[in-house]
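Okay, so here's the structure we're looking at.
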Amino acid sequence: MLPRSLCQDYLDDGRLTLLHEAEEAPLNTLFLVQRPGAEANPDVIRVCDVFRSAARDW
């Protein structure tokens, strides 16, 4: 299973074949995890903030 955005060109020119078309598209659920204690690291905080912001804007 691949996101269509990554393989559309291959589908269009026949290098890949769609085997199944789902009635309903799957949700793109993302999980953000971190090690215990990482919340004290400013670099981890910055990365988490960027990911959260990008997810909201998506």
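Listing for the model above:
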{"read-out": "Count - residues of segment 31-50 that are surrounded by 10 or more Cβ atoms within 10 Å (Cβ to Cβ) and over 21 Å from the mean Cα position of the chain (by Cα)", "value": "3"}
{"read-out": "Qualifying residue in segment 37-48 (condition: modelled with pLDDT under 90, acidic (D, E) and either assigned to a loop (DSSP other than H, G, I, E, B) or closer than 15 Å to L2 by Cα (or both))", "value": "no"}
{"read-out": "Pair list, Cβ < 7 Å and 6+ apart or interchain, from segment 7-29 residues that are assigned to a helix (DSSP H, G or I) to residues that are surrounded by 10 or more Cβ atoms within 10 Å (Cβ to Cβ)", "value": "C7/L16; Y10/L16"}
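The values are calculated or read from the model by the stated rules, or taken from the named source; none is laboratory data. All values reported here derive from a predicted model rather than from experimental measurement. Virtual Cβ from ideal backbone geometry, glycine too; neighbours counted across all protein chains shown.
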